[in-house]
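The values are calculated or read from the model by the stated rules, or taken from the named source; none is laboratory data. What you see is a predicted model, and the numbers here were worked out from it, not measured in a lab. Neighbour counts are summed over all protein chains in view; Cβ atoms, including those assigned to glycine, are modelled from backbone coordinates with ideal geometry. Protein only, heavy atoms only, side chains kept; ligands, DNA and RNA dropped before computing areas. Shrake-Rupley method; radii C 1.70, N 1.55, O 1.52, S 1.80 Å.
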Amino acid sequence: ISDEYNEAIGILTITPSEAAIIAADVATKAAGVEIGFLDRFSGSLVIVGDVSSVESALREVLNLLTNVLAFAPANLTKS
């Protein structure tokens with residue numbers, strides 16, 4: 001991950017793994033974040049940006065996955 005984005009990272013592991021591509025699309029359209037890593041085979045997605053943008057993008061991904069695609073929701077945690 002680039003040194004340019006050292007403020008915040010958002011990490012998702014999504015099952016089924018193909019949904020990571022949808023999550024990446026939603027995240028980058030919802031806020032000023034960039035994709036740090038995406039693996040459609042493992043369902044791993046890392047987004048990078050400032051704290052508020054990463055949090056906003058993650059909330060929008062969770063909203064779409066839960067309310068549109070009927071996924072079981074997960075809690076958003078922060079450390």
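Taking the accessible area of region 7-64, probe 1.4 Å, and keeping the other protein chains in place, the carbon and sulfur fraction comes to 55%.
Relative contact order for the chain using alpha-carbon pairs under 8 Å, separation at least 6, rounded to a whole percent? Dividing the mean separation by the residue count of the chain yields 31 percent. Loop-located GluC sites (Glu not before Pro) in the chain (DSSP state not H, G, I, E or B) with no more than 16 neighbouring Cβ atoms inside 10 Å: Glu4, Glu7, Glu18. The long axis of helix 19-30 is offset from the longest Cα principal axis of the chain by roughly 50 degrees.
Of the two radii for the chain, the radius of gyration is 0.94 times the Kirkwood radius, both from the alpha carbons; that is the Rg over Rh value. Compared with the dominant Cα axis of the chain, that is its longest principal axis, helix 51-63 is turned about 10°.
Accessible surface computed residue by residue for region 8-69, with neighbouring protein chains in place and a 1.4 Å probe, gives 51 Å² per residue.
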